[in-house]
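Student: Pasting in a structure now, in structure tokens, and then I'll have a few things to ask.
The values are calculated or read from the model by the stated rules, or taken from the named source; none is laboratory data. Since we're looking at a predicted model, the values are computed, not measured. As a convention, Cβ positions derive from the backbone with ideal geometry for all residues, glycine included, and neighbour counts pool all protein chains shown. Accessible surface is based on the protein model in full, side chains and every heavy atom, while ligands, DNA and RNA are left aside. Shrake-Rupley method; radii C 1.70, N 1.55, O 1.52, S 1.80 Å.
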Amino acid sequence: MFGKIFTAFILLLPAGTYAQEIGANFNHDPEIIDMVYLKKTPVEWIRTTPYIFEYIRGEKDPATEPGLQKLIDAKKAGYKVAFGFRWDFKKYKLPIPAPGSAEEKKYFATATAILDRVGAYVDMFKLGNEPNLETMEQDLQLNAEGVVPLVRFMERLLIEVVEPYYQKHQKLTRPDVYVGSLPALFEKEQQQKPGVVGLIRLAQENSRIKGLAIHLHISDSLDMDNAFLFVRSIMPDKPIIVPEYSLFRLYNRHVSDELGSSEAGIAFARKYNYPPGMKLYEWYSKANTEKVSAEEWSELLASRAWFPPHFMQTYYRYFRKYGVVLATYGYLSQSAPAKVAPGTGIWFVNPIFPMKSLQRQSDGSYTPNPLWFNDFVDIVNHGTKK
């Protein structure tokens with residue numbers, strides 16, 4: 001069925017229908033936005049999604065938080081800003097509040113206070129971040145009223161916070177609004193959740209919402225096809241953004257492989273004086289504690305038969321194919337655990353500047369990631385030419 005859907009929808013989405021811009025992703029930590037390193041690539045967009053419960057719980061102050069100032073400074077320097085909040089309901093074991101409840105009013109007041117600080121500097125506003133993973137399961141299902149609490153909450157966030165703010169500040173340009181960001185849409189389990197389907201329908205049916213945000217942390221390109229085809233079966237022609245993408249799932253599959261699992265791996269281990277039976281997670285621990293050279297980093301991944309070089313270019317082809325207007329990629333190291341175990345999430349291979357894992361350059365600056373840097377610059381330049 002999806003094959004027929006694809007054939008129909010691809011006619012609606014010829015290559016070049018949308019520009020495919022590429023930007024820098026700083027995830028939930030706007031305080032790490034660094035203008036020095038932004039200038040080392042031609043990116044024009046930055047993306048960040050603060051943990052809003054840090055503000056709701058009083059751990060951070062919207063009026064003074066330095067991370068928000070970093071966002072403002074970037075905008076003043078000429079960068080475009082994609083912004084939203086991460087609502088960690090599941091982390092705090094919190095149900096989504098009922099419409100008009102004291103809890104909802106408190107949450108929305110905090111969101112408004114943050115917009116009071118940064119609203120003038122936002123070019124794209126995202127309603128949520130990975131809500132299908134960060135919402136209690138019951139709030140992803142139809143309730144007794146026949147509605148999905150997550151979907152209703154996101155629509156109310158638009159109606160009660162975003163729209164009133166920009167209506168009140170008529171001199172500001174209202175940013176395009178996207179709903180999401182939805183990860184793992186290639187999984188049947190996610191495709192069957194009412195909350196997931198409901199958010200995609202909300203994006204499709206609400207004229208005040210520009211389109212949908214999805215995340216593509218995958219193990220191979222088939223995952224991308226399945227995710228995009230699922231989205232396009234519900235939202236055929238509105239634009240898509242991809243605030244996060246990586247081969248995270250692929251790395252995780254091989255974290256317990258031995259260095260010497262192939263001829264190339266044996267040669268790598270011999271060159272760098274490692275035992276061939278050393279586990280990949282043990283090598284990762286060494287990289288994150290002692291730091292390795294860019295040459296060693298690059299040669300380790302090159303010795304893996306499963307690692308696809310130039311996959312950044314593959315992503316870009318899919319972005320063109322399916323109508324992605326903006327994708328942002330991890331820019332600076334965030335999570336790089338000193339002790340990597342078989343169950344550790346391998347995020348630290350991704351960043352454009354993996355400064356927590358790579359030795360610095362001779363001038364003291366962070367070393368670019370040899371796995372991605374040149375291809376990243378290339379696709380950024382392609383996007384800015386549109």
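Student: Antiparallel versus total DSSP beta bridges in region 172-277: what percent is that, nearest 5?
Tutor: Antiparallel bridges make up about 0 percent of those DSSP assigns within region 172-277.
Student: Oh, and also: Hey, what angle do you get for helix 280-290 against the long axis of the chain, alpha-carbon based, 0 to 90 degrees rounded to 10?
Tutor: On a 0 to 90 degree scale, this one is about 90.
Student: Let me ask another. What is the pair-distance distribution P(r) of region 266-386, computed from all Cα-Cα distances in 10 Å bins starting at 0, with each bin given as a whole percent?
Tutor: Spelled out bin by bin, region 266-386 gives 12, 40, 33, 13, 2 percent.
Student: Can I ask one more? Stokes-Einstein diffusion coefficient for region 158-311 at 10 °C in a medium of 1.306 mPa s, Rh from the Kirkwood formula over Cα pairs: what value in µm²/s?
Tutor: Answer, rounded: 85 µm²/s.
Student: Filter Lys106/Lys210; Lys70/Lys126; Lys193/Lys238; Lys210/Lys385 down to the pairs with a C-alpha to C-alpha distance above 24 Å, please.
Tutor: In this structure, Lys106/Lys210 exceed 24 Å between Cα atoms.
Student: What is the ratio of the Cα radius of gyration of the chain to 2.2 N^0.38 Å, where N is its residue count, to two decimals?
Tutor: Dividing the Cα Rg of the chain by 2.2 N^0.38 Å gives 1.01.
Student: While we're on this one: Can you put Lys105, Lys279, Lys385 in order of accessible area, largest first, using a 1.4 Å probe?
Tutor: Correct descending sequence by accessible area is Lys385, Lys105, Lys279.
Student: Another question about this same structure. Round to a whole angstrom and tell me the spacing of the C-alpha centers of region 219-233 and region 173-215.
Tutor: 14 Å
Student: If amide hydrogens are placed 1.01 Å from N in the peptide plane, which non-local residues have theirs closer than 5 Å to the one on Thr328?
Tutor: HN-HN under 5 Å from Thr328: Gly23, Val242, Glu244.
Student: While we're here: Which of the chymotrypsin sites (Phe, Trp or Tyr not before Pro) found in region 64-135 are in a DSSP loop and have at most 14 neighbouring Cβ atoms, other than their own, within 10 Å?
Tutor: Taking region 64-135 and a limit of 14 other Cβ atoms within 10 Å, the loop chymotrypsin sites (Phe, Trp or Tyr not before Pro) found are Tyr92.
Student: Keeping every protein chain in place, order Lys91, Lys210, Lys286 by accessible area at 1.4 Å, biggest value first, i.e. largest first.
Tutor: Lys91, Lys210, Lys286
Student: With a 1.4 Å probe and every protein chain kept in, tell me what percent of the accessible surface of region 31-83 is carbon plus sulfur.
Tutor: 50 percent
Student: Oh, and also: Going by the alpha-carbon gyration tensor, a ≥ b ≥ c the square roots of its eigenvalues, is region 107-171 rounded (a/c under 1.5) or, if a/c is not under 1.5, prolate (a/b greater than b/c) versus oblate?
Tutor: prolate
Student: Give a residue-ordered list of calculated ³J(HN,Hα) values for region 106-120 (Karplus: 6.51 cos²θ - 1.76 cosθ + 1.60, θ = phi - 60°; whole Hz; x for Gly, Pro).
Tutor: Taking θ as phi minus 60°, the curve returns 5, 4, 5, 5, 5, 4, 5, 4, 5, 5, 4, 7, 10, x, 6 Hz for region 106-120.
Student: Taking H as built 1.01 Å from N, whose amide H comes closer than 5 Å to the amide H of Asp29, not counting residues under 5 places away?
Tutor: For Asp29, the qualifying residues are Thr49.
Student: Which whole-Hz ³J(HN,Hα) couplings does region 62-70 yield from phi under the Karplus relation 6.51 cos²θ - 1.76 cosθ + 1.60, θ = phi - 60°, glycine and proline marked x?
Tutor: Karplus-based 3J(HN,Hα) across region 62-70 equals x, 6, 10, 4, x, x, 5, 5, 4 Hz.
Student: Now for a separate question. Which percentage, to the nearest 5, of the DSSP beta bridges contained in the chain is antiparallel?
Tutor: 5 percent
Student: Please determine, in degrees from 0 to 90 and to the nearest 10, the orientation of helix 194-205 with respect to the longest principal axis defined by the Cα atoms of the chain, where the helix direction is its Cα long axis.
Tutor: 70 degrees
Student: Okay, moving on. HN-Hα J couplings of region 211-227 from phi, Karplus 6.51/-1.76/1.60, θ = phi - 60°, integer Hz, Gly and Pro as x?
Tutor: 3J(HN,Hα) across region 211-227, in whole Hz: x, 10, 9, 10, 10, 10, 8, 10, 10, 7, 5, 4, 4, 5, 4, 5, 5.
Student: Next question, about the same structure. Starting from the amide H of Ser181, placed 1.01 Å from N in the peptide plane, find each other amide H under 5 Å away whose residue is 5 or more places distant or on another chain.
Tutor: Amide H to amide H, under 5 Å and 5 or more residues apart or across chains, Ser181 pairs with Asn129, Glu130.
Student: Kindly provide the helix-only [θ] at 222 nm of the chain, computed as the sum of -39,500 (n - 2.57) over DSSP H runs of four or more divided by all residues, to the nearest 500 deg cm²/dmol?
Tutor: -11500 deg cm²/dmol
Student: May I pose another question? Can you tell me the accessible area per residue over the chain, all protein chains present, probe 1.4 angstrom, in square angstrom?
Tutor: Per-residue value: 41 Å².
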